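None of the figures in this text is laboratory data; all of them are computed from the coordinates on show. Everything numeric here is computed off the predicted structure, so don't read it as measured data. No Cβ is skipped: glycine too gets one built from the backbone with ideal geometry, and neighbour counts run over all protein chains shown.
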């Protein structure tokens, strides 16, 4: 094989190997984003069930708020509650962050850490539906280990 052919073959091989890694970051981001969105949706469903429980109506607003915060951050959801409040009308709000690291495939595998911050809100017993909206993440969350590479939204952004 001539030196020119070896050089071309090496160049083609290098291009093939590095192109496998180009989409790896996208795969990692998608995997992590899907995971945090799924956990937030599960928290919303669980919180709706918790607030619909008839015994919630007999609890104090603080107890109701604790139940909502627990539903949002339970072990299978790995949420971090960074804000919670009760309105005068019995409206409960909990601010939660969900973090996840996604891994891409290919020759050069990427790892991307994303964070999703949402507010879960509802009224115990009166309105068992819990609303979920994107909110800004608390800057204090960045003091924790493993800062995110990206902040993502619950609702996909159309571009």
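Kirkwood hydrodynamic radius (Cα pairs, Å) of the stretch 78-159? Spell out each step's value before the answer.
Values: mean 1/r = 0.0689 Å⁻¹.
Result for the stretch 78-159, one decimal place: 14.5 Å.
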Quiz prompt | Alpha-carbon spread of the stretch 37-89, three principal axes, descending order, Å | solution = 30, 23, 17
Quiz item: Hey, can you rank 31-44, 92-105, 133-146, 53-66 by average C-beta count inside 10 Å, highest first?
Solution: 92-105, 31-44, 53-66, 133-146
Quiz item: Relative to a virtual label point 7 Å from the Cα of residue 66 in the Cα→beta-carbon direction, which members of the stretch 72-91 show backbone nitrogen distances below 18 Å?
Solution: 72-75, 81-87
